[in-house]
Amino acid sequence: QAHAKVWHLYNDEFRPTQTGKVSIALSSHWIKPQRMTEKNIKECQKSLDFVLGWFAKPIFIDGDYPESMRTNLSSLLPEFSEVEKKYIKGTADFFALSFGATLSFQLLDSHMKFQQLESISLRQLLYWISSEYNNPQIFIVENSWFVSGTTKKDDAKYIYYLKKFIMETLKAIRYDGVDVFGYTVWSLLDGFEWHRGYSIRRGLFYVDFQSHDKKLVPKSSVLFYQKLIEKNGFPPLPENQPIEGIFPCGFAWGIVDNYIQVDTTPAQFLDSNVYVWDVHQTKKLIKVDGVFTTRRKRHCVDFAAIRLQISLLQEMHVTHFHFSLKWSLILPLGNLSLINHTLVHYYQCFASELLRVNITPVVALWQPMADNQELPVSLAKYGAWENPETVEAFVEYAKFCFKSLGHHVKFWITMNEPSVKNLTYTAGHNLLKAHAKAWHLYDKEFRRSQKGKISIVLQADWVEPACPFSRNDQEVTDRILEFDIGWLAEPIFGNGDYPQVMRAWLHRRNSVDLYNFHLPYISEDEKKLIQGSFDFFALSHYTTTLVGWEKEDALKYDHYLEVQMINDITWLHSPNRAAVVPWGLRKLLKWVKSKYGDVPIYVMANGIDDDQNMVHDKLRVYYIQNYINEALKAYTLDNVNLQGYFVYSFNDKTAPKYGLYSYVANQYEPKPSMKHYREIIDNKGFPGPETPELPCPEEVASCPECHFFRTRRSLLAFISFIFVAFIVTIFFITYYSKKVERRYK
């Protein structure tokens, strides 16, 4: 009634001369049902009625309280007379909304939630207000989030919540038709936050409450909000717009399967037993004891599982297929005393069948997995990569693989995605030596005859400063890149030693920590061994993470590296909460080029998980489309020497939720993302109307069995000469014999 009287006062006496507006600011939360049942939805409506509708319905609708309040509170709720209803109704020139500043998330009485779930969706609240109160003009008079009271200038968490709220406001305007005409951030400066006191901060300006002058210092959020106002929102950035263009001939279009489906069950044709078919009684085959047929040699056609996988790969139109061998199964004892020849034959057949259909096998010798890191048990038991003997065992294993598979495999990976998060510095040192020794072994003993190439695959997710205006956050970003990628990359592709950033940081940590983190020194001999042991730079990339130096969330704070992991809640996320950030791939490729020069680069794995219940995997279609387009930008605009791109992963059977083929009831079915990837491959990228044609020569199927003849051309020429001479000699002997015979007759 007081509000209504003031509104009428202004309307009658001051509006004609001052031409202003008057309203009441109402604070609200948003609520969503625990389950999508009619009862829970009604409870959500009741929650909003009790909090927002209590004041909004009398003013914006009919002058009376919500029906749900009348039903639940009965005599506790005062009655409006008809005169009061008419007097209160319509006493607002706009809908003034406060969200997230006071009532929402902290002060709401739990009884007001009616056992439903509170949410921070401003867009849904705006749409509800528009629908419930006849599409009023809305002015957001308070909106914000908060950060820890210890956070000073770089308030990244505040920035990304602010970004989310303003984006949701923009979506409500553009997509939902909500009439929002203003937005106000809460608050200008840090202050006393009611029941939370000084334990949190909401201000755009930092205040040191312990200082005498209480000087105001602008935070990163000030710069963010200032830029946003200048741009009037979020205009599309030119660098984020898709481009048209194609990749060159010979570009490797690949797919990854960490471990191929291995089924070495003997075919029926290898069974030397004789059977009789009991057609009268059991209707089964009965083995005849003591009677055997001649056992024939194994052939690749005996492995039925290979044919199916090859046909699926052909359907995809890929040119390369990347998979890893199982060291622990090929050499169960970790040495050549016991060899699984059946499995080796299976791999040989798989590789030769790939070549037969013009698909290049890309084979990794080792990939760490959960169980024993996929090492033979004898090696895993005695220290794994901590033990120098594992290095020599790996070299012996690599030599065996080069000999056994090298005639079929020309594209080798020593180690696939060694996880630096699970490596000690000693283990990483030994791993580098093992890789380098395997590379030199191939280079000296096998490259000339097999004509292949070999390198290592490093996992390389991009990191970005949480506050783009913060020098401290940039320092943290550089540190993480060196610890995550540079640790193994710098010795191989760079100066032959570990990154200086790592050494300096560990020296600092060792001076204050109880535990000594020792990064081994690389001797001159080791430097000669490791540096340059590559033919190309291979990386796997899945997502991008934001990092900052201000400690905000203890669960996502790395005390060892003093880094706070932060999530931009406006980014697209997969069901497993992996962020979809296509431009991160381009930045990573540019970073690799800037650090290690014009080295050939392969993106050996790039993929996202999906919801297996979704028929159309739209997220993966979007992911593949945009990540490949960013790779194209790196190739065409940044002159990155990009040679290939591989999607992770082949199918859901071996990599659940990541496959381009679903696997249900023993059947493989292509997902829409597989067909989309195939279309990109067929088009060599994203050709436009003005993209010139790029005719590529037709590839001829390789003949692995021809290797014997290709490497012995001189011998073959000599044998051919002897054979021709022999035929000519026989011809002349026969000719003259018949001539002499006719003369005597």
Expressed in µm² per second, the diffusion coefficient of the stretch 33-105 from the Stokes-Einstein equation, with Rh the Kirkwood radius over alpha carbon pairs, at 25 °C and 0.890 mPa s, is 179
At a 1.4 Å probe radius, which order do MET36, MET604 fall into by accessible area, largest first? MET36, MET604
Specify the inter-centroid distance of the stretch 381-398 and the stretch 599-677, based on alpha-carbon positions, in whole Å. 34
Which entries in the list LYS633/LYS675; LYS153/LYS421; LYS21/LYS215 go over 25 Å, if you measure between the two C-alpha atoms of each? LYS153/LYS421; LYS21/LYS215
Run the simple label-point estimate for GLU82 and SER511 please: 7 Å along Cα→C-beta, distance reported in nm. 8.5
Cross-link reach list, aspartates and glutamates versus LYS152, counting only Cα pairs under 18 Å and skipping chain neighbours closer than eight places: ASP190, GLU193, ASP208, ASP213, ASP473, GLU475, GLU550, GLU552, ASP553, GLU562
Per the stretch 485-537, sqrt(5λ) over the Cα gyration tensor eigenvalues, sorted largest first, in Å, gives 25, 12, 7
Just the Cα atoms of the stretch 1-235, one point each, no solvent: what log10 I(q)/I(0) does Debye give at q = 0.07, 0.08, 0.10, 0.18 Å⁻¹? -0.27, -0.36, -0.55, -1.36
Give the dimensionless ratio obtained when the Cα radius of gyration of the chain is divided by 2.2 N^0.38 Å. 1.30
The stretch 177-243: which trypsin sites (Lys or Arg not before Pro) are DSSP loop and have at most 13 other beta-carbon atoms within 10 angstrom? LYS214, LYS215
Express in % the proportion of alpha carbon pairs of the stretch 327-402 at distances exceeding 13 Å. 68
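Run through the stretch 190-221 and list the chymotrypsin sites (Phe, Trp or Tyr not before Pro) located in a DSSP loop whose Cβ has at most 13 other Cβ atoms within 10 Å.
Loop-located and lightly packed - PHE192, TYR198, PHE209.
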Residue by residue through the stretch 589-605, what is 3J(HN,Hα) from phi via Karplus (6.51 cos²θ - 1.76 cosθ + 1.60, θ = phi - 60°)? Round to whole Hz and write x for glycine and proline. 4, 5, 5, 4, 5, 5, 8, 10, x, 7, 7, x, 10, 10, 8, 8, 6
For the table LYS164/LYS618; LYS326/LYS403; LYS587/LYS653; LYS163/LYS556; LYS381/LYS556, the rows whose alpha-carbon distance is greater than 25 Å are LYS587/LYS653; LYS381/LYS556
Using a Förster distance of 56 Å, how high is the FRET efficiency between LYS5 and ASN639, based on the Cβ-Cβ distance and rounded to 0.05? 0.20
Restricting to Cα pairs below 8 Å that are 6+ residues apart, what does the relative contact order work out to for the stretch 586-691? Please round to a whole percent. 28
The chain - accessible surface per residue (Å², probe 1.4 Å): 52
Pairs of alpha carbons in the stretch 165-310 whose separation is greater than 25 Å (percent): 70
Would the stretch 486-584 count as rounded, prolate or oblate if I go by the C-alpha gyration tensor, calling it rounded below 1.5 in a/c and otherwise prolate when a/b exceeds b/c, oblate otherwise? oblate
Semi-axes of the equivalent ellipsoid for the stretch 125-164, please: Cα gyration tensor eigenvalues, times 5, square-rooted, ordered largest first, whole Å. 31, 9, 8
Hull volume per residue for the stretch 218-290, using the convex hull of the C-alpha atoms, in Å³ is 396
For a bin width of 5 Å, list the pair-distance distribution of the stretch 358-485 built from all Cα-Cα distances, rounded to whole %. 2, 10, 18, 19, 15, 13, 10, 6, 4, 3, 1
If you restrict to DSSP beta bridges whose two residues both lie in the chain, what percentage is antiparallel, to the nearest 5? 35
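The values are calculated or read from the model by the stated rules, or taken from the named source; none is laboratory data. Keep in mind that this is a model prediction, so the values were computed, not measured. When we count neighbours, we look across all protein chains shown, and the Cβ atoms used for this are built from the backbone with ideal geometry, even at glycine. Heads up: the accessible areas ignore ligands, DNA and RNA and are worked out on the full protein's heavy atoms, side chains in. Shrake-Rupley method; radii C 1.70, N 1.55, O 1.52, S 1.80 Å.
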